[in-house]
2 protein chains.
Amino acid sequence: MVATETSGVRGRRRSFDVDEAVETAMRLFHARGYDAVGVAELGTELGIKPPSFYAAFGSKAGLFERALRRYAAGEANIFARAQAEGGSMAEVIERTLLLAARLYPERDGVAGCLVLDGARNSADPVACALAETMRKAGVAAIRDFIATEQPERADALADFIAITMKGMSAAARDGMGEDALTVVARMAGRAFRRELAAEG
Amino acid sequence: MVATETSGVRGRRRSFDVDEAVETAMRLFHARGYDAVGVAELGTELGIKPPSFYAAFGSKAGLFERALRRYAAGEANIFARAQAEGGSMAEVIERTLLLAARLYPERDGVAGCLVLDGARNSADPVACALAETMRKAGVAAIRDFIATEQPERADALADFIAITMKGMSAAARDGMGEDALTVVARMAGRAFRRELAAEG
DNA sequence: GATAAAATGTAGTGATCGCTATATAAATCC
DNA sequence: GGATTTATATAGCGATCACTACATTTTATC
């Protein structure tokens with residue numbers, strides 16, 4: 001058996017690719033939620049046995065945390081991606097929602113947002129706390145961004161965007177497709193614009 | 001031991017109040033989600049043993065179905081309540097969202113909407129199908145209502161309202177309070193009004 | 001009160017949960 | 001190559017999952 005860990009610089013040598021394992025776990029947690037994916041199934045899908053699993057990740061929640069971080073650091077960070085393209089505040093916000101409409105629909109059994117819905121209804125308080133922390137960080141970034149131009153109404157406007165995204169994630173998990181989500185994203189984008197224009 | 005079933009006319013006599021049991025189960029499912037509430041806990045909370053449980057409800061999913069129906073037949077049917085008060089279409093829709101903002105925040109450990117989030121991430125396909133059926137019925141009622149005046153845009157507008165409600169339910173389960181939810185509900189109500197005025 | 005019917009309590013089914021103790025195999029170091 | 005360290009596989013931990021067979025008690029009927 002050969003050590004195949006080529007990506008991570010830190011960490012001990014393992015006979016399996018840790019990053020690849022996190023990727024697989026991310027997909028499983030995303031598809032069915034934290035509680036519905038068991039350690040036995042993770043071991044099978046990852047091709048490792050329980051001791052290796054716990055040596056590498058500490059616990060099921062530990063792997064979930066790594067999956068969450070990987071998720072948030074990739075293409076799922078739609079607000080950062082929208083921000084990177086520049087434009088006005090309203091453009092960035094609407095672009096965020098449109099990216100959600102493209103990212104959230106079901107693909108290969110995966111739908112919605114892992115951070116928003118991955119630990120929904122989970123009985124594990126650790127998993128819930130991990131997801132909550134990342135949710136709060138996400139909405140805080142949006143709030144701070146809005147506050148640069150609208151400090152008074154940043155909370156309310158950020159709440160509106162956060163609720164729209166949570167609703168889009170839930171709707172995608174309930175089967176809504178990209179077209180319908182895009183229509184709603186545009187509506188919410190217009191609403192955001194109009195709220196800005198109303199009293200700005 | 002005395003037969004205490006006074007409410008239901010049909011059904012066999014039981015030593016416990018079936019309606020009261022459904023109410024208790026509804027609260028438990030609502031608070032933590034379908035999968036996180038076990039039959040053992042239900043039996044304890046309901047004060048009955050497994051055989052009585054299965055004689056009365058058939059299965060855990062059977063009890064969940066009764067809980068869902070009871071939930072949807074009560075004060076949680078916010079769209080029907082909003083419709084009953086009359087007014088314009090926009091008024092009815094905004095009233096629906098404002099009722100959600102009052103109903104969804106956490107009270108006694110219960111938050112959000114049981115239909116929208118009670119079976120979220122559940123591994124039980126029966127429970128998921130039951131909730132999905134009720135979700136579709138709910139959004140269909142809103143769509144049909146909108147279609148009486150806006151047949152062309154009924155689907156899109158109903159999707160927008162459905163997503164807003166799903167987002168509000170998720171946000172409430174994530175800890176958002178009535179005040180913040182109300183602010184967002186008003187924003188969404190204004191957005192709905194403006195969409196109507198835009199091209200009506 | 002005897003009999004038939006029905007609901008209940010006791011106990012336990014096999015399966016799965018997250019997780020780990022122990023032992024073996026592999027890789028590293030000198 | 002021998003010794004030490006590290007990661008692996010085997011097997012199983014106690015707990016909980018939804019659910020049920022069986023015996024008993026309670027209820028209803030006559």
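The values are calculated or read from the model by the stated rules, or taken from the named source; none is laboratory data. What you see is a predicted model, and the numbers here were worked out from it, not measured in a lab. Ideal geometry is used to build each Cβ from the backbone, glycine not excepted, and the neighbour counts take in all protein chains shown. Note: accessible area is taken over every heavy atom of the protein model, side chains too, but ligands, DNA and RNA are not part of it. Shrake-Rupley method; radii C 1.70, N 1.55, O 1.52, S 1.80 Å.
Points worth noting:
- Projecting the Cα atoms of B:Ala67, B:Leu42, B:Ser52 onto the charge dipole of chain B (Cβ charges, centred on the Cα centre) puts B:Ser52 farthest toward the positive pole.
- Semi-axis lengths, largest first, of the ellipsoid equivalent to the protein assembly as shown are 34, 34, 16 Å, with √(5λ) applied to each eigenvalue of the Cα gyration tensor.
- Distance in nm between pseudo-label sites at A:Glu23 and B:Ala40 (7 Å out along the Cβ direction from Cα): 4.0
- Convex hull volume per residue, computed on the Cα atoms of the range A:18-71, equals 62 Å³.
- Annotation for A:Ser88, label-to-label distances across the other copies: 2.6 nm (shortest first, one decimal, point 7 Å from Cα along Cα→Cβ).
- The separation of the range B:17-67 from the range A:91-145, counted between C-alpha centres, amounts to 31 Å.
- Counting only protein heavy atoms and a probe of 1.4 Å, the accessible surface of the range A:76-199 is 50% carbon and sulfur.
- A:Ile161 exposes around 0 Å² of accessible area when a 1.4 Å probe is run over every protein chain in place.
- Protein heavy-atom accessible area occluded, B/A pair - total, 1.4 Å probe, Å²: 2800
- Solvent-accessible area per residue for the protein assembly as shown (1.4 angstrom probe, square angstrom): 47
- On Cα atoms only, tilt of A:18-32 relative to the major axis of chain A in degrees: 60
- The C-alpha radius of gyration of chain B, expressed as a fraction of 2.2 N^0.38 Å, stands at 1.13.
- For chain B, built as a Gaussian network whose Cα springs stay under 10 Å, the top-fluctuating residue of B:Arg27, B:Arg95, B:Arg107: B:Arg107
- Comparing B:Thr164, B:Thr133, B:Thr182 in a Gaussian network model of chain B (Cα springs below 10 Å), the most mobile by mean-square fluctuation is B:Thr133.
- In Å², nearest 10: area of A:Ser169 left accessible to a 1.4 Å probe: 0
- Nearest-0.05 FRET efficiency for B:Thr133 and A:Glu75, computed from C-beta distance (R0 56 Å): 0.95
- GluC sites (Glu not before Pro) within the range A:99-160, DSSP loop, no more than 14 other Cβ atoms inside 10 Å: A:Glu149, A:Glu152
- Shielded residues, the range A:92-125 - accessible-area loss of 10 Å² or more between chain alone and all protein chains, probe 1.4 Å: A:Asp117, A:Arg120, A:Asn121, A:Ala123
- Cα gyration tensor, the range B:86-169 - rounded (a/c under 1.5), prolate or oblate: oblate
- Distance between the pseudo-spin-label points of B:Glu178 and B:Ser59 (7 Å out from Cα toward the beta carbon): 3.9 nm.
- Of the residues A:Ala131, A:Ala180, A:Ala100, the one that moves most in a GNM of chain A with alpha-carbon contacts below 10 Å is A:Ala180.
- Pseudo-label separations to other copies for B:Pro151 - Cα-to-Cβ vector, 7 Å, nm: 5.3
- Using a 7 Å projection from Cα along Cα-to-Cβ, the label point at A:Glu20 is separated from the same position in the remaining copies by 6.0 nm, smallest value first.
- Note on chain A: dipole from Cβ charges, positive end direction compared against A:Leu98, A:Met165, A:Ile78; the farthest Cα belongs to A:Ile78.
- For chain B, the 222 nm mean residue ellipticity estimated from helices alone, with every DSSP H stretch of n ≥ 4 adding -39500 (n - 2.57) and the total spread over all residues, rounds to -22000 deg cm²/dmol.
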